[in-house]
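Structure, as structure tokens:
No value in this document is a laboratory result; all are computed from the given coordinates. Note that this is a predicted model, so its numbers are computed, not measured. Cβ atoms come from the backbone with ideal geometry, glycine included; neighbour counts cover every protein chain shown.
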Amino acid sequence: MIIERRHDIDWLRVLAIGLLLIYHVAIAFQPWGVFIGFIQSNEPIEAIWIPMSILNIWRIPLLFFVSGMGVWFAIQRRDWIQLLAERSRRILLPYIFGILAIVPLHIFLWQDYYTQEIKYVPNPAHLWFLGNIFVYVILLSPVFFYLKRNRQGPIGHFVKRLLANQWSLLLLMIPFILEGIISAPQEYEMYAMTWHGFALGLVAFCTGFCCVFAGSVFWNNVKKQRWMLFTHAVIFYLIRLLFFELRTPDYLMAVESCLWIFTVFGFGYRHLNQPSKALEYLSQAAYPVYIIHMIFIYIGCYVLFPMNVSSFGTFIIVNIFTFVGSMMMYELLIRRVRFLRPLFGLQIHKKRNDRFGDTKSSSKAYDSPGNRKIDIQTMES
């Protein structure tokens, strides 16, 4: 079976990780940051939460969508045992390593900054996402491999016909609306280590898989409707901001979240589905940077917050320090030290590869099934 290379999905993953870094820095400048384990600025910048609130209801669901999409490409040349082995190496190993060796480092910084007792605290923290993804793979692998074997069967044709319909995007929102109503989370945007986050991620993961399983029909749909989706997403956000103080009912949050995600997919498919040298590099760096970026956020806050620097200036500096520090650690250490690579989800041997599609970097969009080598690192971001 011929698989189209999907550079746009890979770009969206990279961009989502970049936005995540900024989002996490912004939390340190909120008056409630300390209550969820961040070093908090004594001079909050609450105004920056207005643009951040656009992101906070779709940034994590988007990554679950993309991770589900990645599994479809991964199973094209793997059986279920090979998939679980590959995901154990790419997800479970970095997850366990991060809990034991990465997260305790920024917890140490938090403890020292607030003069708490210094102790070793293994914790998933921001890596909770990886644990969820691994569980989803285990739970849904039987379904996914059944769909792979029966892509031309009744269920496969039904999914394709469903997603080809111009109203299908409304139907895709229904499971997300029901999840919000049933879970009734205290705060919709609190995904980490909550049943709401687990259920929402499961729905998004499965939906993302189905979107690529259906082929081009979904992508043509979102591309065609991208401006309408964007307009409605902005309207829903303005309603949330102006009339509900950013706290609309959960079913409206779910609708707005889906609108933003479909908008991003539509514009990405239209403008980002092309190869790039930068993409080859950044798609490799994104996963390790996701794992280590919190350390640099905490170091930046630890050093700069006691200084007499304006809050906005500090915000900019911490963002730059986090990005540069994370990328330098990836480039100079993680990428080059053989035994560290698998601990951060990279192959032991350096290989040029694309996350979605074949690993060859030629300009051809397709390759023969016999020669193609699909190698996907699900960000499990």
How far apart, in nm, are the 7 Å Cα→Cβ label points at E43 and R77? 5.5
What is the distance, in nm, between label points placed 7 Å from the Cα along the Cα-to-Cβ direction at V217 and at I316? 5.0
Using alpha carbons only, how many degrees (0 to 90, rounded to 10) separate the axis of helix 59-74 from the longest principal axis of the chain? 40
May I ask for the angle, rounded to the nearest 10°, between helix 128-149 and the longest principal axis of the chain, with both axes built from Cα atoms and the value confined to 0 to 90°? 0
Given a Förster distance of 30 Å, report the FRET efficiency between V143 and Q186 from their Cβ-Cβ distance, rounded to the nearest 0.05. 0.45
When the Cα centres of segment 103-130 and segment 235-300 are compared, how far apart do they sit, in Å? 26
Overall dimensions of segment 153-201 as given by Cα atoms, namely Rg and Dmax in Å: 14.2, 41
Quote the relative contact order of segment 272-328 in percent (integer), defining contacts as alpha-carbon pairs under 8 Å separated by 6+ residues. 45
Dipole of segment 177-303, Cα-centred, from +1 at each Lys and Arg C-beta and -1 at each Asp and Glu C-beta, to the nearest 20 debye? 520
Calculate how steeply helix 103-113 sits against the longest principal axis of the alpha-carbon atoms of the chain, using the helix alpha-carbon long axis, and give the answer as 0 to 90 degrees to the nearest 10. 20
Just how large is the dipole of segment 80-167 about the Cα centre, in debye to the nearest 20, putting +1 at every Lys and Arg Cβ and -1 at every Asp and Glu Cβ? 740
Segment 179-295: relative contact order in percent, alpha carbon pairs under 8 Å with at least 6 residues between: 27
In debye to the nearest 20, the charge dipole size for the chain, taken about the Cα centre with +1 at each Lys and Arg Cβ and -1 at each Asp and Glu Cβ, equals 1860
For the chain, radius of gyration divided by Kirkwood radius, i.e. Rg to Rh on alpha-carbons: 0.96
For W167 and R336, compute 0.36 nm times the residue count separating them, minus their Cα-Cα distance, and round to one decimal in nm. 56.0 nm
Chain lengthening between I348 and T231 when straightened (0.36 nm per residue, less Cα-Cα): 37.6 nm
For the chain, how many pairs of lysine residues have a Cα-Cα distance under 24 Å, where the two are 8 or more positions apart or belong to different chains? 19
Beyond 17 Å, what share of the Cα-Cα pairs of segment 30-151 is found? Please give it as a whole percent. 68
Between E117 and R270, what FRET efficiency comes out of the Förster formula 1/(1 + (r/R0)^6) with R0 = 35 Å and r the beta carbon distance, rounded to 0.05? 0.05
Given the candidates I50, W11, P122, the one whose Cα lies deepest towards the positive end of the charge dipole of the chain, counting +1 at each Lys or Arg C-beta and -1 at each Asp or Glu C-beta, is W11
With no solvent and one point on each alpha carbon, what is the Debye value of log10 I(q)/I(0) for segment 177-256 at q = 0.11 Å⁻¹? -0.37
State, as an integer percentage, the relative contact order of segment 1-70 based on alpha-carbon contacts under 8 Å between residues 6 or more apart. 28
So, with points 7 Å from each Cα along the Cβ direction, the R89-L241 label distance in nm works out to 4.6
In units of 2.2 N^0.38 Å, the Cα radius of gyration of segment 31-72 is 1.62
